[in-house]
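Trainee: Here it is: the structure, laid out below.
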Amino acid sequence: MNKELIINAVPQGVEIALLEDKRLVELHKENAENLFGVGDLYLGKVKKLMPGLNAAFVDVGFEKDAFLHYTDLSPYAKSLLKLTQVCHEWKAADPYDFGRFQVEPEIVKTGKITEVLGGRPNILVQILKEPIAAKGPRLSCEISLPGRFVVVTPFNDIVAVSKKIHSSDERRRLQKIIESIKPKNFGVIVRTAAEGKNTAELHDDLNQLVEKWAQIQANLKGAAVPSKILSEQDKTTSILRDLLSADFNRIVVNDKGIYNDTRQYLQRIAPDKTDIVNFYPNGAPIFDSFGVTKQVKASFGKTVSMPSGAYLILEHTEALHVIDVNSGYKSSSNNQEENSLQTNLEAAEEIARQLRLRDLGGIIVVDFIDMKLPENKKKVLEAMEQAMRADRARHSILPISKFGLMQITRQRMKPEIDIKTDELCPTCGGTGKISSTLVLEDDIRKNLDYLITHGHKKLVLMVHPMMEAFLKAGWPSKRMQWSWKHKQWIRIESSNNLHLVDYKFLDQDREEIKL
């Protein structure tokens, strides 16, 4: 599979398109004014405790207070509170030595928010979900710093290896390497991308994250409350960090600054991949040149067509998303069960792509075409699970029910992408209605009578081709009737530039007559 990243810098921010085998699978928009991205760290002030919700509202500088639930506090919440206070009040010139920090006992899972945040203290928090609609950001105290091969979690002092690494020998090898190089008071999660990597590569990645944690501690010193302590990497580098693999063969950028930053980032994490970054100097829009704009137009909207002629209908309600699978007009065989299976298998792949592309979250209900055989329903479930393996968002899929419905839950961390692909009809103005041709004909006749009675001769009537055909049709045609009435020939010409209900009169010098 060939992966390409097309990066379009615009005045409002950056648009990033991820293509897999030339197909658009992810679309990201990074607003230059977005101050509350997932992963950002803030020093916040606990403003209000809600014992009934077992949660707190924290001021992080957003117009609405952010939400922090007890389950997002982290077992090491007391340690985080202690470190936040120590670093915030640190007076010495030398940086605080995190290796000497004494970790506090873990909080209980069934505890109360008032027991931990009773004094309404200042606390270091991480954005878990971006502000959505009328809601403020959702916060977490389980601080995690992701790298390319490992994720660092302060305080817990545990090493875990991704379950997606199936080889038990490789898991043990990675575990031993990380345990031998891990600093005190840091927990480390080994990512799937670490499979096969040597000690030097893992050590370099780990050191970069430890340095980032030291920078966070330094930024806490004397920081205003509330304030941003550290930003997550921009979208471009975060996508490269999570997805960069041997399949990645091209990155195209239309901005020199982003081009240089991307090359520098790749030089640091994967020097052998630096040459895949290309600068796009052409004046034409980069998304148009690489077919992204066309795919966006075809992929967003209520109806999404598939190559076989089948199509999806996507509806959004307040509570969930509903996707209806329709067979369309083509059939691969005369067997209805086989047709249904093939359409559903094709739909499963497209649905997985749509979930990533639109970044749909919450509950998704898919109404597949009815199938009678249990083994066919199982094939569709397996196809959906396979198609969604590339999805980085946490998700869960339930088997098809007896009503033919599949339920999917998918993590939502930011507002879904909603691009309006419909264009306003210039003729009806979006109402879906136009004037009757009979009324239009009457309107033309009245204006013609007016112009001729005021001395105009050799008039030319310009109309839409369909209206021209209507006025010239039959015996006697409308044109003949008008010509007999006024005892002069009425010329009618057509123009594709006119809308169906538009017309104009030209005088003998072919100048338009303003009515």
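The values are calculated or read from the model by the stated rules, or taken from the named source; none is laboratory data. The model shown is predicted, which means the values in this text are computed figures rather than measured ones. When we count neighbours, we look across all protein chains shown, and the Cβ atoms used for this are built from the backbone with ideal geometry, even at glycine. Side chains included, ligands, DNA and RNA excluded: accessible areas come from the protein's heavy atoms. Shrake-Rupley method; radii C 1.70, N 1.55, O 1.52, S 1.80 Å.
Trainee: Does segment 237-257 contain at least one residue that is in a helix (DSSP H, G or I), hydroxyl-bearing (Ser, Thr, Tyr), modelled with pLDDT under 85 and closer than 30 Å to ARG191 by Cα?
Mentor: Yes - at least one qualifying residue is present in segment 237-257.
Trainee: Does THR274 satisfy the criteria of being without any contact (Cβ under 8 Å) to a residue 40 or more places away in the chain, closer than 30 Å to MET384 by Cα and among the hydroxyl-bearing types (Ser, Thr, Tyr)?
Mentor: no
Trainee: Related question: Which strands (runs of 3 or more DSSP E) sit wholly inside segment 113-169 and have at least 1 residues that are modelled with pLDDT of 90 or more, hydroxyl-bearing (Ser, Thr, Tyr) and open to solvent by less than 40 Å² (accessible area, probe 1.4 Å)?
Mentor: In segment 113-169, the matching strands (runs of 3 or more DSSP E) lie at 138-140, 150-154.
Trainee: Checking the condition under 22 Å from GLN126 (Cβ atoms), buried (at least 18 other Cβ atoms within 10 Å of the Cβ), touching a strand residue (DSSP E or B) at 6+ places or on another chain (Cβ under 9 Å) and aliphatic (A, V, I, L, M), which residue from LEU18, LEU5, LEU41 passes?
Mentor: Every option except LEU41 fails the conditions.
Trainee: List the pairs whose first member sits in segment 72-84 and is over 19 Å from ILE127 (Cβ atoms), whose second member is among the acidic types (Asp, Glu), and whose Cβ atoms are under 9 Å apart, counting only residues at least 6 apart or on separate chains?
Mentor: What qualifies is PRO75/GLU106; PRO75/GLU142; LYS78/GLU104; LYS78/GLU106; SER79/GLU104; SER79/GLU106; LYS82/GLU104.
Trainee: OK, next. Identify the single condition in (1) open to solvent by 60 Å² or more (accessible area, probe 1.4 Å); (2) assigned to a helix (DSSP H, G or I); (3) within 30 Å of GLY37 (Cα to Cα) that ALA387 does not satisfy, given that it satisfies every other one.
Mentor: (1)
Trainee: Out of (1) modelled with pLDDT of 85 or more; (2) assigned to a helix (DSSP H, G or I); (3) of a type in the set (D, E, K, R); (4) out of contact with any Ser or Thr (no Cβ under 6 Å at 6 or more places or on another chain), the odd one out for LYS504 is which?
Mentor: (2)
Trainee: List every residue pair whose Cβ atoms sit under 8 Å apart, with the two residues 6 or more apart in sequence or on different chains, where the first one lies in segment 279-295 and is touching a residue at least 24 places away in the same chain (Cβ under 8 Å) and the second, anywhere, is open to solvent by 60 Å² or more (accessible area, probe 1.4 Å) and not small (Gly, Ala, Ser).
Mentor: Listed by first residue and then by second, the contacts come to PHE279/LYS256; GLY291/LYS22; GLN295/ARG23.
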